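Please treat every number below as a calculation from the coordinates, not as lab data. These numbers come from a predicted model, not from an experiment. Reconstructed Cβ throughout: ideal geometry from the backbone, glycine too, with neighbour counts over all protein chains shown.
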């Protein structure tokens, strides 16, 4: 546990030692503001809620989280420090967990920096705090799932561009699988309605939407946590395979 | 301290390491030699647990690497090839990080980092970020990381690579000094390094172990070893050749050359017979021929290295 924490500290320091952290934070805040106010018509909607803010998050994360995740392992591999990390007395799961947690904490910091948004809403109106809280929890969980997936694709390659594109595509799939164009296609191919239902439930959207509405369902939390667990587990396997 | 038992490594159908076994005891500096691509780095990576072996086993200080990886890994320091380090960290930060990973904390950690910085002469750059360092400094930073926790075992992949002659000399002295109470493996393809620091040598070629012995034993395998070179003044070439050829201990071919008005003769040693130098001296003295040089050749490592590994290089080229 202590060693995991040292990895977290080192990783976080390396984010903030490089321009990556600042560029990411600024772009994240600019884009989330732009989507909420310009594309989402926050003021026109004339309601005191953050639905217009959260609804963009699956798309925003799809572009931005892989930018954080793509470095996780590809960079270690490219610089050769993976060899150092693997020969230090720490287990693979400690290293994987440490690097993941650091990225997730960083994304959490980015999310915390959007707090002026709910403050504004509170100032302008009298919003229901429930959906705002669950929206934040859902958004954080979703960013973790995206990050774990990007980390997994990052472990597959030393090339960060390949890593980025693959994780964007995988995340895109996770978003789209619940949408009518995809579910209709599945139905047309003769999939049973149970299967289509199953596919739709795999979608990030399905689980995030109920959280935006203020419903904190254990099943949604389990979905995100198991997505993270699965991706981290796969990362371990990929890293092992890659060395043999 | 280190035991490698029948290591094999295949990449697909390509065999990179083929049945390599050796041991290193405390107080030994083992030179790990071989041409480029012979499997040196692969073997070292298997010793350190970075690469899984296809078959075989590694024991570090009595711990089987696959069974107790963390215990085994805490016993050695490792300098990988090309000396990687986290470029965005400062030298001090990087060493503190590895110290924490080695379970050092508080005063012990501070002392260890400080000592490593002094030993590796990193004081002037300790607050600098690693990506601004020259290759020599970067290399020493990674080396500092390996010796930081004073491990009983050191595994060093080309430790003098990228250092200038002074730094090389210093690094060799350091390794030699530490070799007195540690078990050290040093891979290199610089033969003078072997002479300077190693107590034992193994040569690996095309993944196979082709030599395991002391540097002296390796030198003795040279064709020149045991031969005698003399430099004689004021003697005719045919006379000298005649006298030398009649010495029963002298092997063939005897080579006599004229250099700056003197004759320089190289007489190979005939296997199984000793006392060649004394016999030659006696013959020269009997005729009162003045010589200003007479010494027994000890053989050269690079000759042996070439002799042992050249055959395989030739077949390698055929394969390509």
Residues in the stretch B:143-175 reached by a label modelled at residue B:67 [backbone nitrogen below 19 Å; 7 Å Cα→Cβ]: none
Chain B - mean residue ellipticity at 222 nm from DSSP helices (-39,500 (n - 2.57) per run, n ≥ 4, rounded to 500): -11000 deg cm²/dmol
Area projected by the alpha carbon convex hull of the stretch A:1-74, averaged over all directions, nm²: 6.5
The stretch B:140-217: Rg to Rh, with Rh as the Kirkwood radius over Cα pairs: 0.96
Those residues of the stretch A:87-102 whose amide nitrogen sits under 19 Å from the label point placed on residue A:9, 7 Å along Cα→Cβ: A:88-91, A:94-102
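What list do you get for A:150, B:55, A:139, B:126 if you sort them by fewest beta carbons within 10 Å?
Values: A:150 29, B:55 12, A:139 24, B:126 18.
In order of increasing Cβ crowding within 10 Å: B:55, B:126, A:139, A:150.
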Debye log10 I(q)/I(0) at q = 0.06 Å⁻¹ for the protein assembly as shown, Cα point scatterers: -0.46
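Over chain A, calculate the relative contact order: mean separation of alpha carbon pairs under 8 Å at least 6 apart, over the residue count, as a percent.
Computed value for chain A: 26 percent relative contact order.
What ranking do A:136, A:22 get, fewest neighbouring Cβ atoms within 10 angstrom at the top? Don't skip to the end; give the middle numbers.
On the way: A:136 21, A:22 11.
Listing A:136, A:22 from fewest to most nearby Cβ atoms yields A:22, A:136.
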Most fluctuating residue given options A:107, A:218, A:115, as computed from a GNM of chain A linking Cα atoms under 10 Å: A:218
Scattering profile of the stretch A:1-139 at q = 0.10 Å⁻¹ [log10 I(q)/I(0), Debye over alpha-carbon scatterers]: -0.43
Fewest-first ranking of B:122, A:63, B:33, using other Cβ atoms within 10 Å as the exposure measure: A:63, B:122, B:33
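Estimate the FRET efficiency between residue B:128 and residue B:164 by the formula 1/(1 + (r/R0)^6), using the beta-carbon distance for r and 22 Å for R0, to the nearest 0.05.
After rounding, the FRET efficiency stands at 0.75.
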In Å, descending, principal axis extents of the Cα set of the stretch B:65-194: 40, 38, 23
Most fluctuating residue given options B:46, B:89, B:178, as computed from a GNM of chain B linking Cα atoms under 10 Å: B:89
Mean-position separation - Cα centroids, the stretch A:197-238 and the stretch A:91-156, in angstrom: 14
Computed E for residue A:18/residue B:298 - FRET, C-beta separation, R0 41 angstrom, nearest 0.05: 0.15
GNM result for chain A, Cα springs below 10 Å: residue of A:143, A:163, A:18 fluctuating most strongly: A:18
Global geometry of chain A, whether rounded, prolate or oblate, following the gyration tensor of its Cα atoms and the 1.5 cut on a/c: oblate
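Taking the Kirkwood radius as the inverse of the mean 1/r across Cα pairs, report the Rg/Rh of the stretch B:8-62.
Numbers: Rg = 11.7 Å, Rh = 12.2 Å.
Across the stretch B:8-62, the Cα-based Rg/Rh ratio is 0.96.
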Principal axis dimensions, largest first and in whole angstrom, of chain B by Cα: 77, 48, 36
Two-site label geometry, residue A:113 and residue B:266: point separation in nm, points 7 Å out along Cα→Cβ: 7.1
Label point distance in nm, residue B:223-residue A:194, each placed 7 Å from Cα along Cα→Cβ: 8.1
20 °C / 1.002 mPa s Stokes-Einstein diffusion coefficient of the stretch B:228-296, Kirkwood radius on C-alpha pairs, µm²/s: 181
